[in-house]
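To keep things clear, I will list the structure first and then write my remarks on it.
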Amino acid sequence: MSGISSFPLSTKQPPLILVADDDKTIRVLLRKAMEQEGYRVVEVNDGKQCLDAYETIKPDVVLLDAVMPVMDGFTCCKHLLQIARNNLISALSTFDTDSALKNTVISKIWERTPILMITCLDDEESVNRAFEAGATDYVTKPIHWPVLRQRLRRLLQQAQVYKQLEAANQALHHLANVDGLTELANRRRFDDYLNTQWINLVQEGSPLSMILCDIDFFKFYNDRYGHPAGDVCLQKVGAVLSLKAQKHQDLVARYGGEEFAVIMPYTPASGALHVAAMIQAGVKDLQIVHDGSLVSQHVTLSMGVATVVPTWESSPSDLIVMADKALYQAKAGGRDRFISSP
């Protein structure tokens with residue numbers, strides 16, 4: 001597995017271990033053993049305190065006693081995993097894909113904090129119960145310290161590998177869906193999002209609006225000021241679009257070259273026109289000098305606005321065609337304006 005370093009890894013802080021045990025002597029011994037390994041340790045007395053501490057400190061590993069007052073380790077373990085699952089579901093609340101894929105993603109990556117159960121129970125039923133509750137590993141009392149150290153080390157290494165893989169996956173996802181210059185969504189992301197929202201809105205009978213934008217005479221801008229300046233111009237215009245498309249469902253994308261697109265679910269035609277007007281004003285406020293423009297001394301936009309209520313009989317390409325025709329009319333009508341599709 002190239003690129004993934006072996007434990008120990010250089011981190012800003014040593015791993016943090018959350019120890020939950022009602023036996024003070026055991027907690028002291030565990031703390032000493034863990035601190036000798038260079039780990040940080042937080043102690044709690046029971047399962048309820050463990051849940052509270054877990055959400056506060058976000059430990060790298062939980063050492064959990066099975067038999068405790070207030071809340072036993074088996075129940076606590078189930079709650080810990082549910083907390084982790086709920087946190088991921090919350091993080092993916094705006095994950096715009098079908099629910100089946102969302103559930104697949106959740107099932108594969110939601111468990112991230114290893115739980116090592118430590119208990120005097122060593123019968124088969126208790127062992128099975130521990131793993132069924134979600135424990136990652138299991139050791140018995142009296143504790144065999146070399147075994148505990150090795151298992152804890154392995155769990156920390158496993159958790160670090162998970163984090164590295166997740167970071168790599170996020171980086172790949174970013175590269176696949178984000179335009180490198182403007183940091184907006186790229187054309188691939190635009191297509192995926194439009195298709196997903198189309199299906200969602202067909203079922204809900206809600207409107208979907210789109211704005212296609214084109215920087216007026218951008219070729220002349222590049223010719224006069226150079227491509228580096230053109231890149232800066234694209235970035236500034238893209239930032240205005242991101243600012244003016246205010247709803248969290250709206251997606252701003254670099255459609256291609258000097259063209260941008262805004263997808264606005266649940267937005268009627270009046271709302272789309274309002275956003276287009278704000279975008280037009282925002283770009284003018286940038287006051288980017290454009291001596292090569294035939295319509296203004298500064299950079300301006302031509303925009304085509306279209307709105308439909310998606311149906312199974314129509315397709316996302318219909319909305320693109322409508323917005324593109326409106327954009328063509330805006331250009332033919334003199335540029336530096338927005339036109340709404342009938």
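The values are calculated or read from the model by the stated rules, or taken from the named source; none is laboratory data. As the structure is a prediction and not an experimental result, all values here were calculated from the model. Cβ sites come from the backbone with ideal geometry, for glycine too, and all protein chains shown count toward neighbours. Only protein heavy atoms, including side chains, enter the accessible area calculation; ligands, DNA and RNA are left aside. Shrake-Rupley method; radii C 1.70, N 1.55, O 1.52, S 1.80 Å.
Per residue, region 256-295 exposes an accessible area of 41 Å² to a 1.4 Å probe, with every protein chain left in place. In terms of accessible area, using a 1.4 Å probe and ignoring ligands and nucleic acids, TRP312, TRP198, TRP145 rank largest first as TRP312, TRP145, TRP198.
Rg of the Cα atoms in region 244-325, relative to 2.2 N^0.38 Å, amounts to 1.22. For region 267-280, the Karplus equation 6.51 cos²θ - 1.76 cosθ + 1.60, evaluated at θ = phi - 60°, returns couplings of 10, x, 4, 4, x, 5, 5, 5, 5, 4, 5, 5, 5, 4 Hz by residue, with Gly and Pro reported as x.
Angle of helix 99-109 to the longest C-alpha principal axis of the chain, folded into 0 to 90 degrees and rounded to 10: 40°. In plain terms, the chain from LEU29 to GLU124 could stretch by 31.6 nm, reckoned as 0.36 nm per residue minus the Cα-Cα distance.
Over 29 Å apart at the Cα level, from the set LYS58/LYS236; LYS58/LYS244; LYS219/LYS244, are LYS58/LYS236; LYS58/LYS244. Take every Cα pair under 8 Å whose residues are at least 6 apart in sequence, average their separation, divide by the length of the chain, and the relative contact order is 13 percent. Across region 255-262, coupling constants 3J(HN,Hα) worked out from phi with the 6.51/-1.76/1.60 Karplus curve, θ = phi - 60°, read 6, x, x, 9, 9, 10, 9, 10 Hz, and Gly and Pro carry x.
Measuring r between the beta carbons of THR140 and GLN235 and using R0 = 51 Å, the FRET efficiency lands at 0.30. Under the simplified labelling scheme, the GLN36-LYS325 pair shows an inter-label distance of 7.9 nm, with each label point 7 Å from Cα along Cα→Cβ.
Judged by the mean number of other Cβ atoms found within 10 Å, the most tightly packed of the peptides 18-30, 209-221, 57-69 leads the ranking 209-221, 57-69, 18-30. Helical content of the chain, expressed as a calculated mean residue ellipticity at 222 nm, amounts to -17000 deg cm²/dmol (DSSP H runs of 4 or more residues, -39,500 (n - 2.57) each, divided by residue number, nearest 500). Placing pseudo-labels 7 Å out from each Cα toward the beta carbon at LEU175 and GLN157 gives an inter-label distance of 2.7 nm. Here region 314-332 and region 272-304 have alpha carbon centers that stand 19 Å from each other. Note on region 196-302: Rg/Rh from C-alpha atoms, Kirkwood Rh, equals 1.04.
Annotation: amide H of VAL41 within the under-5 Å range of ILE17, sequence separation 5 or more or interchain, hydrogens built in the peptide plane. Taking a point 7 Å from the Cα of SER314 along the Cα-to-Cβ direction, the residues of region 173-202 with backbone N closer than 19 Å to it are 191-202. Rolling a 1.4 angstrom probe over region 171-306 with all protein chains present gives an accessible area of which 53% lies on carbon and sulfur atoms.
Go through LYS141, LYS163, LYS247 and list them by solvent-accessible area, largest first, probe radius 1.4 Å.
Largest accessible area first, the residues go LYS163, LYS247, LYS141.
The Cα atoms of the chain define a convex hull whose projected area, averaged across directions, is 22.7 nm². Distant-in-sequence amide contacts of VAL61, defined by a placed amide H-H separation under 5 Å and a gap of 5 or more residues or a different chain, comprise LEU16, LEU18.
In the assembled protein chains, HIS79 presents an accessible area of approximately 80 Å² (probe radius 1.4 Å). Simple spin-label estimate for LEU165 and ARG85 gives 2.0 nm between the two label positions (7 Å along the Cα-to-Cβ direction from each Cα). In order along region 308-314, the phi-based Karplus estimate (6.51 cos²θ - 1.76 cosθ + 1.60, θ = phi - 60°) of 3J(HN,Hα) comes to 9, 9, x, 9, 5, 7, 10 Hz; Gly and Pro are listed as x.
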